[in-house]
Amino acid sequence: MEEKVKSSLFSAVQPSGAVTIGNYIGAIRNFVKLQDEYNCIYAVADLHAITVRQEPAVLRRNTLELMALFLACGIDPKKCVLFVQSHVPAHCELAWVLNTISYPGELSRMTQFKDKSAKHAENVNMGLMDYPVLMAADILLYQAALVPVGADQKQHLELTRDLAIRFNNRYGQTFTVPDGYILKDSGARIMSLADPSKKMSKSDDNPNAFVTMGDDRDSILRKFKRAVTDSDSEIRYDPENKPGVSNLLTIYHAFTGKSLADSEREFAGKGYGEFKEAVGEAVADALAPIQAEKARLLADKAYINSIISEGDNAAFRMARKTLSKVYRKIGFYSGE
Ligand code: AQP
């Protein structure tokens, strides 16, 4: 029987802080769902993380922790390629080539560049502006047909497509032009608990704005208790008029699997206090086994290092193949 060729899919998470439940709901838990159906390539994006100033020891620790979290959440290294971005030099090499077909105008228009430049006004560096070109290199190196990203990364994916098409038009068919992959029910954009008009971010200055995957039960309950809601008392999913309550309902739905409508019914007539406590309990219950597994894995650093090393090697080979093709197409002398 003819075996169906699986499409390739690439995604990455930055080790730029403690991973939040936003990263989990929007990205990591979907990575797990996709691993049987696609050739999945997942990276810890440390090259991206340094576009914002990082403490070296913390960056190193966050990289290991993120790898352990990927594994604890159920990403299976036998099914996926799991690696550290800076260990595969082709990412920087292809980004350089793509820079020569990218324009400052299109990069300075990116919402994330504008947001992060405003937030890190003391460190508006070229890497921050070039972030989407490196992201394009990440995706195109693996000829990924699909990229599962949260709604916040859509604009960057659009640029990746533009660069792939621009390169292919100039040098002949080289890159697969990727599509965004929005899983049914995964469009969720988790918002800040302190300001539900902003997305939840691991680098938020206010630690009450986010819940990390490593927070203990007491911190989780406390953060949900303080979550901003509204002066009304109805528990109803209505993101426009009730963004705080809707965000909590989305989180409850994501961690319990109960539909939004069932969740609304469950809390009908109940107060915000009781509702927030139930959301906190549901999140703490869901995170407990992941936290225990992560701690178990971190106690065996040699095992995590062996997974990284295998993933690095596999990624290196795949990336090299595309990069060699690119170098040939643009006319770099190979000595042959
Ligand atoms: N709040 C969110 N809701 C849903 N999905 C989210 N993602 C991030 N925040 C949310 C998704 O997580 C993946 C990894 O993101 P990243 O670490 O590469 O960068 P990011 O999008 O910039 O995430 P953060 O938490 O906001 O990091 P910092 O604060 O360092 O910039 C992506 O697929 C993203 O869509």
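The values are calculated or read from the model by the stated rules, or taken from the named source; none is laboratory data. This is a predicted model, so every value here is computed, not measured. Every residue, glycine among them, receives a Cβ derived from its backbone with ideal geometry; neighbour counts consider all protein chains shown. Each accessible area value is taken on the protein alone, full model and side chains, heavy atoms only, with ligands, DNA and RNA left out. Shrake-Rupley method; radii C 1.70, N 1.55, O 1.52, S 1.80 Å.
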Original post:
For segment 271-336 and segment 189-205, what is the separation of their C-alpha centers, rounded to whole Å?
Top reply: 23
Subject >> Sorted peptide list for 205-211, 122-128, 291-297, criterion being average Cβ within 10 angstrom, highest first >> reply: 205-211, 291-297, 122-128
**OP:** Inverting the mean 1/r over all pairs of different Cα atoms, compute the Kirkwood radius of segment 198-336 and quote it in Å.
**Re:** 18.7
Original post:
What is the helix-to-structure angle for 243-256, meaning the angle in degrees between its Cα long axis and the longest Cα principal axis of the chain, kept from 0 to 90 and rounded to the nearest 10?
Top reply: 80
Original post:
Heavy-atom accessible area per residue, the chain, 1.4 Å probe: how many Å²?
Top reply: 48
**OP:** Could you list, in their original order, any pairs among K33/K258; K6/K258; K78/K301; K6/K79 whose Cα atoms are separated by more than 22 Å?
**Re:** K6/K258
**OP:** Compute the signed sum of charges (Lys and Arg +1, Asp and Glu -1) over the other residues within less than 12 Å, Cβ to Cβ, of M213.
**Re:** -1
Original post:
Taking segment 301-336, which chymotrypsin sites (Phe, Trp or Tyr not before Pro) meet the DSSP loop condition and have no more than 16 other C-beta atoms within 10 Å?
Top reply: F332, Y333
**OP:** Normalise the Debye intensity by I(0) for the chain, one equal point scatterer per Cα, no solvent, then take log10 at q = 0.11, 0.14, 0.15 Å⁻¹ and round to two decimals.
**Re:** -0.75, -1.17, -1.30
Original post:
Using Cα atoms only, what is the angle between the long axis of helix 90-99 and the major principal axis of the chain, expressed in degrees (0 to 90) to the nearest 10?
Top reply: 80
**OP:** Please work out whether segment 74-115 counts as rounded, prolate or oblate from its C-alpha gyration tensor, where a ≥ b ≥ c are the square roots of the eigenvalues and a/c under 1.5 means rounded, while otherwise a/b larger than b/c means prolate and anything else oblate?
**Re:** oblate
Subject >> Compactness relative to 2.2 N^0.38 Å, alpha carbon Rg of segment 114-246 >> reply: 1.35
Original post:
In the chain, what % of DSSP beta bridges are antiparallel (nearest 5)?
Top reply: 10
**OP:** Considering Cα pairs under 8 angstrom that are at least six residues apart, work out the relative contact order of the chain and quote it in whole percent.
**Re:** 22
**OP:** For segment 111-169, build the convex hull from the C-alpha positions and give me its volume per residue in Å³.
**Re:** 82
**OP:** Report, in degrees rounded to the nearest 10, the 0 to 90 angle that the Cα long axis of helix 126-141 makes with the longest principal axis of the chain.
**Re:** 70
**OP:** Give me the percent of the accessible area of the chain that comes from carbon and sulfur atoms, probe 1.4 Å, all protein chains in place.
**Re:** 51
Subject >> Helical mean residue ellipticity (222 nm; -39500 (n - 2.57) per DSSP H run of 4+; nearest 500) of the chain >> reply: -16500 deg cm²/dmol
